[in-house]
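Worksheet: one structure, shown below.
The values are calculated or read from the model by the stated rules, or taken from the named source; none is laboratory data. Bear in mind that the values here come from a model prediction, so they are computed numbers and not experimental data. So basically every Cβ, Gly included, is an ideal-geometry build from the backbone, and we count neighbours across all protein chains shown.
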Amino acid sequence: MLIIIIFLIVHWYASVFAQSFFLHRYMAHRMFIMNPFWERFFYLFTFVTQGSSFLHPKSYAQLHLEHHKHSDTEDDPHSPHFFQDVLSMMINTGRIYMEFKDGKRISSSPYIQGLPTWNRLDSLGNNHLVRLAFCGIYISIYWVFAPTPWAYLLLPIHFLMGPIHGAFVNWCGHKYGYRNYATNDESRNTFIWDLFFVGETFQNNHHRYPHRLNFATHWYELDLAYPIIWLMSKLRIINPCSSSLSSK
């Protein structure tokens, strides 16, 4: 069972880091720049770690910018204040995401057209057979290492890793927790130390300062992804934009 737990933890944190670092902070907010090699590296990293729940990066960015533009209004793709439950909120999120992916919607943000794409990898990531192949890999690992059939109950977490992250962050981050700032929405900070979603549940901080690289804004808060990103900056893997380093 130890190997299964380790696999679940590694998959969870690798996937949530890819979503926060590459999809959110890089693609949606352009908080830093990378050279073409590292851009492709983290694009591939996101594909591998998200696996069966891979999200098309450019479509994710457009969806997220719509969330900021219409936060907690009827036009917000995933505000918990306009849906009866998490499932209905995520169904609506998925519908709008597909509209962006299929080209039926295009964000009005001026830099969207300049976002990187990797057509071959995008095609693989959105192929149903490839998604099923990832599911097969997860099942095979459990088949070899799971000591009891009860362990198989954890498999849906692997299958739906990306949507699970999104559901928790968007539902809880705009409904439960504390507020540091009086924003024009209902964004909240769910945790003081965000140990499970690497900073993503500091929604109130992020909506107040959407271009700030460190989602924690007070000394007692911890954005678990930020020390890793800071190290990447020191190693010149990324080059943070000046606005993202502002203390406020």
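Just to be sure, is N239 free of Cβ contacts under 8 Å to residues at least 40 places away in the same chain and over 19 Å from T46 (Cβ atoms)? Spelling it out, it is not the case that N239 is free of Cβ contacts under 8 Å to residues at least 40 places away in the same chain and over 19 Å from T46 (Cβ atoms). Among the helices (runs of 4 or more DSSP H) confined to region 81-172, the ones with at least 1 residues that are in contact with an Asp or Glu (Cβ under 9 Å, 6 or more places away or on another chain) are located at 86-101, 161-172. If you go through region 1-55 and keep only what is over 18 Å from I141 (Cα atoms) and not in a helix (DSSP H, G or I), you end up with H29, R30, M31, F32, I33, M34, N35, F54, L55.
Scan region 183-203 and give yes if some residue there is buried (at least 19 other Cβ atoms within 10 Å of the Cβ), assigned to a helix (DSSP H, G or I) and touching a residue at least 12 places away in the same chain (Cβ under 8 Å), otherwise no. Yes: one or more hits.
Residues that are hydrophobic (A, V, I, L, M, F, W, C) and surrounded by fewer than 17 Cβ atoms within 10 Å (Cβ to Cβ) within region 46-72 comprise just one, V48. Output yes when any residue across region 172-179 is under 30 Å from K69 (Cβ atoms), among the aromatic types (F, W, Y) and without any contact (Cβ under 8 Å) to a residue 40 or more places away in the chain, and no when none is. Yes, region 172-179 contains at least one residue that is under 30 Å from K69 (Cβ atoms), among the aromatic types (F, W, Y) and without any contact (Cβ under 8 Å) to a residue 40 or more places away in the chain. Taking the criterion of being part of a loop (DSSP other than H, G, I, E, B), more than 25 Å from H70 (Cα to Cα), touching a residue at least 24 places away in the same chain (Cβ under 8 Å) and not small (G, A, S), the residues of region 204-236 that qualify are H218, Y220, E221, L224.
The number of residues in region 89-114 being within 24 Å of C172 (Cβ to Cβ), of a type in the set (S, T, N, Q) and surrounded by fewer than 18 Cβ atoms within 10 Å (Cβ to Cβ) comes to 1.
Exactly one residue among R120, R208 is over 21 Å from I4 (Cβ atoms), basic (K, R), at pLDDT 95 or above and touching a Ser or Thr at 6+ places or on another chain (Cβ under 7 Å), and that residue is R208.
Among the residues of region 115-125, those that are exposed (fewer than 15 other Cβ atoms within 10 Å of the Cβ) and either under 27 Å from H70 (Cβ atoms) or basic (K, R) (or both) comprise P116, T117, R120.
Residues considered: D85, D75. Of these, the only one that is of a type in the set (D, E), surrounded by fewer than 16 Cβ atoms within 10 Å (Cβ to Cβ) and over 21 Å from H206 (Cα atoms) is D85.
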